[in-house]
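Throughout, read-outs are computed from the coordinates displayed, never taken from laboratory work. Remember, predicted model here, so these are calculated numbers, not experimental data. Please note: Cβ atoms are built from the backbone with ideal geometry, for glycine as well, and neighbour counts cover all protein chains shown.
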Amino acid sequence: MYLASEAGLDKSYIGSIERGEVNPSVKLITRIAEALGVDILELFRQSR
């Protein structure tokens, strides 16, 4: 899984985040945003 690799996280942990099973720290959310190439606020923006 590309995102897991780029963020330096295990792919099962990314899956747990996606399923809402874990609450990642701000530090990990920052790493995920950086791996995606987006601002951290973009991860919390609601689509309309």
Report summary line: The answer for the net charge of residues other than ILE29 whose Cβ lies under 12 angstrom from its Cβ, with Lys and Arg +1 and Asp and Glu -1, is -1
Query raised in the report: For the chain, max minus min Cα coordinate along each principal axis, in Å, sorted largest first?
Result: 29, 22, 18
Query raised in the report: Put a dot 7 Å past each Cα toward the Cβ at VAL38 and ARG19; how far apart are the dots in nm?
Result: 2.2 nm
Report task. Let me have the relative contact order for the chain, percent, based on Cα pairs under 8 Å that are six or more residues apart. Result -> 31 percent
Report summary line: Expressed in nanometres to one decimal, the distance between label points 7 Å along Cα→Cβ at VAL26 and ASP10 is 2.6 nm
